[in-house]
Amino acid sequence: MPNTKPTQEQIVPRYPDLHAEDILLDRADAANKILSDCTLCPHRCHVDRTVGETGFCRTGSELIVSSFAPHFGEEAPLVGRRGSGTIFFTNCNLRCIFCQNYEISQCGRGFQVQAEDLAEIMLRLQERGCHNINLVSPSHQVPGILRAIDIATGRGLRIPIVYNTGGYDSVDTLRLLDGVIDIYMPDVKYGSNGIAHALSGAPDYVNRMKEALHEMHRQVGDLIIQDGVAERGMIIRHLVIPGGLAGTDEVMQFIAEELSTSSYVNIMPQYRPAWKVSEMTIGFDVLKRRITKAEFDDAIAIAQRYGLFRDLE
């Protein structure tokens, strides 16, 4: 892959054109049809969510939102000066035993909204001056999200849209988002399927994550920042987990060799024991402590060894 930073250019969201040509509406309809035999994410539960059946994500056909507000705790290019317009969706297609947002992702805290309501939320965040609409844990709610974006675009939504995901995404679903999403922000949680199965309930996480990130990168490329604010591209997050359980070496090798050494990578040190970590048995006791400075420094050194140079901390 090229070892050059993206060139500066005038970047504008492409989804308004998809709306004008009714492509956004067609995509929303196509995604909605999947709900009756759900294969939206790699779990491929094959439940009929349109009649209230739920699979791994424990979500039916209705949109469920936990909260929304300008967010100033995200990566600097997303926050800019006026914040990232963050919308937290309830439930998740991963079950990370150390999740720090477990009340939302695992316990179902949130409220149902219609696509029209979600569209209004997006417009309100834009009116407050947010630089983008940041969709957090959207993978299992794509049909309603697409419908809401179509409605909001018809009413004047024009800022970049961020897809903030755990990285366990279906390529078929991502293709419905081509031209809709301006910035993909996936986690790359693990370098080992065995660890992913044990800690997040996703036995094929690494395989599906790699496929998904290839598709995301194909759609938007490396991150383009103008005047300090992200316009288009990918931001990749990697949480350092105690005892090397995240497989940082394998993760950084994949990013550098299969995506781009110009990838914007946020190596995160904020792991803390949460949710069900206290219940872990022998083999994962290391999760009951925070990471050490040496573990974080080693993760940074690994990324640099593979030629990754954008952000890293």
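The values are calculated or read from the model by the stated rules, or taken from the named source; none is laboratory data. Only a predicted model underlies this, so the values are computations on that prediction, with no experimental measurement involved. We place every Cβ from the backbone using ideal geometry, glycine too, and count neighbours over all the protein chains shown.
Determine whether residue 56 is within 16 Å of the chain's Cα centre (by Cα) and buried (at least 18 other Cβ atoms within 10 Å of the Cβ).
no
Among the residues of region 284-293, what is the count of those that are crowded, with 17+ Cβ neighbours inside 10 Å and free of Cβ contacts under 8 Å to residues at least 60 places away in the same chain?
Looking only at that region, the number is 1.
Would you mention how many residues in region 100-118 are over 17 Å from the mean Cα position of the chain (by Cα) and within 23 Å of residue 31 (Cα to Cα)?
Summing the residues that are over 17 Å from the mean Cα position of the chain (by Cα) and within 23 Å of residue 31 (Cα to Cα) in region 100-118 gives 10.
For residues in region 119-143 being small (Gly, Ala, Ser) and either buried (at least 24 other Cβ atoms within 10 Å of the Cβ) or not in a helix (DSSP H, G or I) (or both), which is farthest from the chain's Cα centre (by Cα)?
Filtering first and then ranking leaves 129.
This table checks each residue for (1) under 20 Å from residue 164 (Cβ atoms); (2) touching a helix residue (DSSP H, G or I) at 6+ places or on another chain (Cβ under 8 Å); (3) at pLDDT 95 or above.
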{"position": "22", "(1), (2), (3)": "no, no, yes"}
{"position": "28", "(1), (2), (3)": "yes, yes, yes"}
{"position": "36", "(1), (2), (3)": "no, yes, yes"}
{"position": "45", "(1), (2), (3)": "no, no, yes"}
{"position": "71", "(1), (2), (3)": "yes, yes, yes"}
{"position": "98", "(1), (2), (3)": "yes, yes, yes"}
{"position": "104", "(1), (2), (3)": "yes, no, yes"}
{"position": "119", "(1), (2), (3)": "yes, yes, yes"}
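What tally of residues in region 46-73 results from selecting those that are closer than 12 Å to residue 140 by Cβ and among the aromatic types (Phe, Trp, Tyr)?
Final tally of qualifying residues: 1.
Within the set of pairs 6 or more residues apart or between chains, which connect a residue that is under 19 Å from residue 83 (Cβ atoms) inside region 220-236 to a residue that is among the polar types (S, T, N, Q) and crowded, with 21+ Cβ neighbours inside 10 Å with Cβ atoms less than 8 Å apart?
223/263; 230/132
I need the helices (runs of 4 or more DSSP H) fully contained in region 1-113, keeping only those with at least 2 residues that are touching a Ser or Thr at 6+ places or on another chain (Cβ under 8 Å).
Passing ranges, in order: 15-20, 23-34, 102-105.
Could you tell me whether any residue of region 294-312 is surrounded by fewer than 12 Cβ atoms within 10 Å (Cβ to Cβ) and either within 16 Å of residue 245 (Cα to Cα) or touching a strand residue (DSSP E or B) at 6+ places or on another chain (Cβ under 9 Å) (or both)?
Looking for residues that are surrounded by fewer than 12 Cβ atoms within 10 Å (Cβ to Cβ) and either within 16 Å of residue 245 (Cα to Cα) or touching a strand residue (DSSP E or B) at 6+ places or on another chain (Cβ under 9 Å) (or both), one finds at least one in region 294-312, hence yes.
Please give the number of the condition residue 202 fails out of (1) farther than 13 Å from residue 254 by Cα; (2) part of a loop (DSSP other than H, G, I, E, B); (3) in contact with a Gly (Cβ under 6 Å, 6 or more places away or on another chain).
Here residue 202 meets the rest and fails (3).
For residues that are in contact with a helix residue (DSSP H, G or I) (Cβ under 6 Å, 6 or more places away or on another chain) and among the hydrophobic types (A, V, I, L, M, F, W, C), scanning just region 239-253, find the one that is farthest from residue 287 (Cα to Cα).
Going through the qualifying residues, I end up with 252.
Could you run through region 149-192 and say how many residues are in contact with a helix residue (DSSP H, G or I) (Cβ under 8 Å, 6 or more places away or on another chain), surrounded by fewer than 17 Cβ atoms within 10 Å (Cβ to Cβ) and not in a loop (DSSP other than H, G, I, E, B)?
Counting residues in region 149-192 that are in contact with a helix residue (DSSP H, G or I) (Cβ under 8 Å, 6 or more places away or on another chain), surrounded by fewer than 17 Cβ atoms within 10 Å (Cβ to Cβ) and not in a loop (DSSP other than H, G, I, E, B) gives 3.
Being of a type outside the set (D, E, K, R), over 25 Å from residue 106 (Cβ atoms) and touching a strand residue (DSSP E or B) at 6+ places or on another chain (Cβ under 8 Å) narrows it down to one of 65, 79, 12, so name that one.
79
The rows are residues; the columns are (1) on the phi < 0 side of the Ramachandran plot; (2) among the hydrophobic types (A, V, I, L, M, F, W, C); (3) touching a His at 6+ places or on another chain (Cβ under 9 Å).
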site	(1), (2), (3)
13	yes, no, no
26	yes, no, no
34	yes, yes, no
37	yes, no, yes
53	yes, no, no
63	yes, yes, no
81	yes, no, yes
100	yes, no, no
108	no, no, no
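Listed residues 51, 47, 79; which is free of Cβ contacts under 8 Å to residues at least 60 places away in the same chain, closer than 22 Å to residue 200 by Cβ and more than 15 Å from the chain's Cα centre (by Cα)?
So the residue among 51, 47, 79 that is free of Cβ contacts under 8 Å to residues at least 60 places away in the same chain, closer than 22 Å to residue 200 by Cβ and more than 15 Å from the chain's Cα centre (by Cα) is 47.
Can you find a residue that is under 26 Å from residue 177 (Cβ atoms) and in contact with a Pro (Cβ under 7 Å, 6 or more places away or on another chain) anywhere in region 271-290?
no
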